[in-house]
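A short worksheet on the structure shown next.
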Amino acid sequence: VQLQASGGGLVQAGGSLRLSCAASGSISSFNVMGWYRQAPGKQRELVARTTAGGSTNYADSVKGRFTISKDNAKNTVYLQMNSLKPEDTGVYYCNAVDLHYGRVVWGQGTQVTVSS
């Protein structure tokens, strides 16, 4: 399975973007799917993740502003980002983890730039 992230762009502070992560195959076998981001000069960090059972986790910095969701029928995971801040700028990567086979898949990343 390959992951294709899209939806990034340039937005003003306070604006919104919705990222999509489309899988080339079924996502139902993945235990966890998530979004990570990497700002220039910083390490990649977890933004949000969702499990096969539907539970979600968010980084403290995005709680209340970002929402992760998935559509198994479309094999796609979304990240709705509202009230964007300049510190949200970075390359956003989607990720999928299959614990049964020890498989981790990364998408290619999509750039998000928030101007002040």
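The values are calculated or read from the model by the stated rules, or taken from the named source; none is laboratory data. Because the structure is a prediction, the values reported are computed rather than measured. Glycine gets a Cβ as well: all are built from the backbone with ideal geometry, and neighbour counts include every protein chain shown. Surface accessibility is based on the protein's heavy atoms, side chains included, excluding ligands, DNA and RNA. Shrake-Rupley method; radii C 1.70, N 1.55, O 1.52, S 1.80 Å.
Just one residue in the set Arg18, Arg49 is within 24 Å of Ala73 (Cβ to Cβ), open to solvent by 40 Å² or more (accessible area, probe 1.4 Å), part of a strand (DSSP E or B) and in contact (Cβ under 8 Å) with a residue 60 or more places away in the chain; that residue is Arg18. Where residues in the range 70-82 are open to solvent by less than 50 Å² (accessible area, probe 1.4 Å) and farther than 10 Å from Cys21 by Cα, which of them is farthest from the chain's Cα centre (by Cα)? The selected residue is Asp71. Select from the range 58-69 the residues that are open to solvent by 10 Å² or more (accessible area, probe 1.4 Å) and either farther than 14 Å from Met33 by Cα or polar (S, T, N, Q) (or both) and list them in ascending order. Matches in the range 58-69: Ala59, Asp60, Ser61, Lys63, Gly64, Arg65, Thr67, Ser69. Annotation note: of Ser55, Ser28, the sole residue that is loosely packed, with under 14 Cβ neighbours inside 10 Å, among the hydroxyl-bearing types (Ser, Thr, Tyr) and at pLDDT below 95 is Ser28. Taken over the range 83-116, the criterion of being among the charged types (D, E, K, R), open to solvent by less than 60 Å² (accessible area, probe 1.4 Å) and modelled with pLDDT of 95 or more is satisfied by Asp88 alone.
For Lys70, the test of being assigned to a loop (DSSP other than H, G, I, E, B), basic (Lys, Arg), in contact (Cβ under 8 Å) with a residue 40 or more places away in the chain and under 18 Å from Val1 (Cβ atoms) is failed.
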